Amino acid sequence: MIVALLAGLKECDFYSTERDQAEQGNLSSISPNWKPRYVEIEKTYRGKVPMTLLRLTRKGRTAFEEYRKGLMAAF
């Protein structure tokens with residue numbers, strides 16, 4: 001789902017706040033599996049607020065496009 005979201009964007013940001021710590025934890029748990037292949041993850045700050053930027057790698061965009069073409073061919 002995250003790869004599909006990123007396919008239409010240059011990058012996507014996630015802010016870390018007390019109320020969304022669960023979402024930040026989920027991003028942390030999946031990032032080791034995706035980072036080398038499909039998703040580039042950058043930890044940064046916007047002001048004093050921690051922020052995570054996600055971008056698809058070139059390989060990630062290519063893999064998603066192949067996946068999408070496969071789905072279209074099935075119909």
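Taken over region 53-66, the criterion of being surrounded by 11 or more Cβ atoms within 10 Å (Cβ to Cβ) and more than 14 Å from Leu5 (Cβ to Cβ) is satisfied by Thr57, Lys59, Thr62, Ala63, Glu65. Restricting Arg61, Arg37 to those that are of a type in the set (Lys, Arg) and modelled with pLDDT under 85 reduces the list to Arg37.
The values are calculated or read from the model by the stated rules, or taken from the named source; none is laboratory data. Model, not experiment: these values are computed from the prediction. A quick note on method: Cβ atoms are made from the backbone with ideal geometry, for glycine too, and the neighbour counts reach across all protein chains shown.
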